[in-house]
Every structure is written in structure tokens, then in C-alpha cells.
Amino acid sequence: MKTSPRSVIQLLKTVPEQQEVTVKGWVRTFRNNQFISLNDGSSVKSIQVVVDYENTDEVILKQINPGAAVGITGELVASTGRGQDVEIKAREITIYGPSDPERYPLQPKRHSLEFLRDIAHLRFRTNTFGAVFRVRHALSFAIHKFFNDRGFFNLHTPIITGSDAEGAGEMFRVTTLDLENLPLDENGQIDYREDFFQKETNLTVSGQLEAELGALALSKVYTFGPTFRAENSNTSRHLAEFWMIEPEVAFADIHDNMDLAEEMLKYIIQYAIDHCADDLEFLSHRLEQEEKQKPSHERSPMPLLEKLRFCVENKFERLSYTEAIDILMQSKPNRKGKFQFVIEGWGADLQSEHERYLVEKHFKKPVILSDYPTGIKAFYMRVNDDGKTVRAMDILFPGIGEIVGGSQREERLEVLKNRMAEMNIPEDELYWFLDIRHFGTCPHSGYGLGFERLVQFVTGMSNIRDVIPFPRTPGNARF
Ligand code: 4AD
Ligand code: MG
């Protein structure tokens, strides 16, 4: 009787009745010429295959090495061994791709994350990275589901753009000009009319400006795409290429925006708790081991799963930037000069150390900060009546710092034009962004969720390079 192949995760849940099954995957270990631990990436768990070595071809036996791709057909039986309910008694073994045991770098032991980053082409084969990327998938799916179920439309905004949405100038140039022989105009400047798009272009830092145009017609949209930032920050929370989710909602103010973001984060995290139990349990255990290596004052006060549940069950603390500055000014690390950047007063930009103090030490829960000084935020945020602050909102998470950044948008044409002039943003480049304020402008709001920071929070991975398959950071674009 021919049976269709099944995944390891399906087989582990199947009642063993000596039925014939076929499974294909990669050998993790082969003990005593008898027990294969086989993993196909469907689960953090592997299935045990029992090889009848006396009746198996010597040539086949020699090729059952860690990393080899194999197919197994045999009987699914109850296992008497520890740690598994079922196992397969192999009748037929097919070697699809052998693996040179001398050169295969993955050993059945704990490898450092640094070492695995260096072999990122193979790190998917480890339990840790398998778990991280399955959780990453679930989170991505949950995001689409969350927005779809609430009547949002997914909008694909361009990756190549001519504008700098955040006005921070941290962009990668896109050009087909010959860098060795640049065409010059009559003033001796580079002549971009000769370039592919006949203008200067770059990789987008955000899809927001285009999403605003969509929202002012479709009412509720969201983007989920790659974004690029040429900021030279080599930290555990920055990538040069990362994925961002940017919802944009017409007729929504900053409070609606906060409600949406809080509801979204709780929904996604709950989705992971409900759908990634095995992987989260594995990652939680991994983190516990990692934490043991740290000095006690640096250890996280909560195990991973507890932290996730805590986040879902508690209302995020909401306060203004001004209130946060008061708390920080009075805080011990600020008074004793322990912060690397001591806060001198109102108007200071908050660094990650300040954000983490508020979240981890002061409130001990996620925080939504709003109404930041005009001077430290982007040009498109709505100016408050005090003229000094804008309707910005950042969500700060334990261990991460800023996970969401957003605002109510400036819908008033004249105010927006003044802000752009103050910040030296040329009107002609963004005429379309201004134009939408001519024709049926309305209050609207949105935010950006850094996808990798979310994956970091949910998986407990401390370095952002370990939650994206192939990280792009300063000096690194391998693989
Ligand atoms: O705060 P940011 O810069 O906001 C925007 O880009 C807005 N246009 C969003 C909007 O209102 N539609 O970035 C949003 C989020 C941050 O909170 C952070 O989580 C993440 O994107 N982020 C990064 N993640 C990884 N690496 C980087 N270099 C990041 N820069 C920002
Ligand atoms: Mg921000």
C-alpha cells in the first residue's frame, strides 16, 4: 500500500497502529548505528527512526550522517524510549543528499549565536533558528489576519522612491549611473536626468507617505514591506534592512491610534502563545539557560512565556513626553550621572537607556509615550495647540525600547507647509503629499511597527541579527 509522505509534526500526533508511513527530512544525529533523529523543520521536535542495521545495506548506513537528506518508509509504532510517544521502524531508507561528516559544522551541542551567524546558510537547521523562523512566520500571518479581520486593505508601497519620508537623510542611493564616469550638468553637478529614473532615487525608509494617500480613499490600509536605513548604528536592535508594518487610518486621532496599536500588539502576541506553544517553550528554556550566564542584575525578571502573558493581560501605561521627562529627571541614574546621556531638561531626545528605564524599572510594563517636542520628531506630525509639541506616540517594550513609532498626521495644509519650510524640506518634491491636503483632507493617523523588534520580543532573542534570515548591518551583506 502506497502512503503519502507526512510531516514530522503530523506523525508525532498520529496514533501508532503499525501503519506504513513515509517521511523525509534531515538527519540530526545517528546513534549506535541504530537511532536516527530526523527533523524536517515542521516542528522543533524530531522523530526517532529505528534502523535495522543488520538488514540495511552497508553503503546506505555509511551515508546516514548529520545533515544528510533522507527519506524513510516504515511502520509507525509506539516508542518505548524516553521523550517520544511514537517512532518509525525503518523498512526502506533513501539517501537524497549525503552530507560530509568531516565538514558539516553543526554538532549535537550548543553552538554560540555568533558562530551560527557566520554559517547563516546552515543555521536554519538548528532548533533555535527553526523555532525563531516558525514564530516569525506565525507573527507575520497574525498581522495580516488582524488587519484583514478589521477591514483594512494591504497596500504595497514602492521600495524605490524619490522622497525621504522621515527626513533623516539615512538613505541608500539607487542608480544605474556609471560611478567611475558620472555625467555632469552645466554647473558641474551630477546630472541625474541621465539616470534610470531621470531623478535622484533611493530605497524607501518608510511607506507611510504613500499609505496616507491610500488611507484618504480606502479609509483603512496597512503596508508590510522591507524598509532600508543607512544609519551607522551597530546595535542589537538596528538593521539596515528591516520589515515594517504601517497601518494608516482616516478619521482617526492619536487616541484611536494608540488603541489600535495596543490591541494589535496584544492580538499578535496572544496568537503566538496560542499557535507556537512548542517553539515558545523551547525558546523560553533557551533563554533561561542564557540568562544564567549573566550577572544577576542584568537578568530578565520574568521567564519568556510569563512576560508575553503579562504583556497581553495588562493595560499599557500611557503618559506624555513631558511627564516622562519629569520622571527621568528625578530618577536615580539621572541624578547620579549613571545614564550615558544625562537628561538636562525638557526637549532632550530620549535614548534607548531612558526608554528602558521607564519600561523596565519605573512602570514595569509596556509604555505609550505621546506628545513629544516638535524639534525631535518628523515634519508630518500634527502640531498641538501649545505649538511646542506634536501628536507623536511611541510604544516602548521591555528589553526592546521603541517597538512602535507613530502619530496623528498634520492634515492642515498651511501648518504642514510651514513645518516643511522650517525643516528645509522642498515642497516640489512632495507636491503630491501636499496635494492630498487640498482635496478632502481629514484627520488621520498611523504608526510603524518594527517587525524584527516584535520577533525579538516574542522569541526572547537578544540580538536583532538572529531574528531575520539574512541580516544586513554595517559591513555585512553576506549570503
Ligand atoms: O519610528 P520610525 O522611524 O517611524 C516611521 O518610519 C514612521 N514612518 C512610521 C509611521 O508612522 N508609519 O520607525 C518605526 C519602527 C520603530 O519603532 C522601530 O520598531 C522600527 O520601525 N525601526 C527599526 N527596526 C530595525 N532596525 C532599524 N534600523 C529600525 N529603525 C526603525
Ligand atoms: Mg521612531
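The values are calculated or read from the model by the stated rules, or taken from the named source; none is laboratory data. Worth saying up front: this structure is predicted, and the values here are computed from it rather than measured. Here Cβ is always computed from backbone atoms with ideal geometry, including for glycine, and neighbour counts include all displayed protein chains. The area values use the complete protein model at the heavy-atom level, side chains included, leaving out ligands, DNA and RNA. Shrake-Rupley method; radii C 1.70, N 1.55, O 1.52, S 1.80 Å.
Taking θ as phi - 60° and the Karplus parameters 6.51, -1.76 and 1.60, the scalar couplings of the range 170-182 work out to 9, 10, 8, 6, 10, 8, 10, 5, 6, 5, 7, 8, 7 Hz in sequence order, x denoting glycine and proline. In summary, no helical segment of the chain meets the span-like criteria, namely a full DSSP H run, a Cα extent along the axis of 30 angstrom or more and a mean Kyte-Doolittle hydropathy of at least 1.0. Across the range 330-445, Cα-Cα pairs farther apart than 24 Å form 37% of the total.
Phi angles of the range 23-28 translate, via the Karplus equation with coefficients 6.51, -1.76, 1.60 and θ = phi - 60°, into HN-Hα couplings of 9, 10, x, 10, 6, 8 Hz per residue; Gly and Pro are given as x.
Normalised per residue, the accessible area of the chain is 50 Å², obtained with a 1.4 Å probe and no contribution from ligands, DNA or RNA. Given the range 8-106 reduced to its alpha-carbon atoms as identical point scatterers, what log10 I(q)/I(0) does the Debye formula return at q = 0.13, 0.21 Å⁻¹? Summing over Cα pairs of the range 8-106 leads to -0.39, -1.05.
The magnitude of the dipole of the chain, with charges of +1 and -1 set on the Cβ of Lys/Arg and Asp/Glu and taken from the Cα centre, is near 2000 debye. Of the trypsin sites (Lys or Arg not before Pro) found in the range 416-479, those that fall in a DSSP loop while having at most 15 other beta-carbon atoms within 10 Å are 478.
Taking every alpha-carbon pair under 8 Å whose residues sit at least 6 apart, the chain reaches a relative contact order of 13 percent.
The simple spin-label model puts a point 7 Å past each Cα toward its Cβ; for residue 281 and residue 309 those points are separated by 1.4 nm. Net charge of the neighbourhood of residue 38, taken over other residues with C-beta under 9 Å away and scored Lys/Arg +1, Asp/Glu -1, is +1.
Over all Cα atoms in the chain, the spread is summed up by Rg and Dmax: 26.6, 85 Å. Here the Karplus relation 6.51 cos²θ - 1.76 cosθ + 1.60, evaluated at θ = phi - 60°, turns the backbone of the range 100-115 into coupling constants of 6, x, 5, 9, 5, x, 8, 9, x, 8, 6, 9, 6, 5, 5, 4 Hz, with x for every Gly and Pro. In this rough spin-label picture, where each label sits 7 Å from Cα along the Cβ direction, the residue 111-residue 297 distance is 3.6 nm. For the range 240-371, the relative contact order works out to 24 percent when only alpha carbon pairs closer than 8 Å and six or more residues apart are counted.
In angstrom, the C-alpha Rg and Dmax of the range 390-479 are 18.1, 48.
Summary: within the chain, the longest segment free of GluC sites (Glu not before Pro) located in DSSP loops with at most 16 other C-beta atoms within 10 Å is 232-343. FRET efficiency for the pair residue 470 and residue 100, taken as 1/(1 + (r/R0)^6) with r the Cβ-Cβ distance and R0 = 30 Å, rounds to 0.80. The local environment of residue 192, defined by Cβ-Cβ distances under 9 Å, has a net charge of -3 under the rule Lys, Arg +1 and Asp, Glu -1.
Full extension of the chain between residue 175 and residue 335 yields a length gain of 52.6 nm, computed as 0.36 nm times the residue separation minus the alpha carbon distance.
The chymotrypsin sites (Phe, Trp or Tyr not before Pro) of the range 243-286 that DSSP puts in a loop, and whose beta carbon has at most 15 other beta carbons within 10 Å, are 251. When you filter the trypsin sites (Lys or Arg not before Pro) in the range 132-233 for DSSP loop state and at most 15 other Cβ atoms inside 10 Å of their Cβ, you are left with 150, 199.
Rounded to the nearest 0.05, the FRET efficiency derived from the C-beta distance between residue 194 and residue 421 at R0 = 35 Å is 0.70.
In this calculation the C-beta distance from residue 89 to residue 69 is compared with R0 = 25 Å, giving a FRET efficiency of 0.75. Summing +1 for each Lys or Arg and -1 for each Asp or Glu among the other residues whose beta-carbon sits under 12 angstrom from that of residue 140 gives +2. What relative contact order, as a whole-number percentage, does the range 8-106 give when Cα pairs under 8 Å and 6 or more residues apart are counted? 30 percent. Given their separation in residues at 0.36 nm each and the Cα-Cα distance between them, residue 385 and residue 259 gain 43.1 nm when the chain is fully extended.
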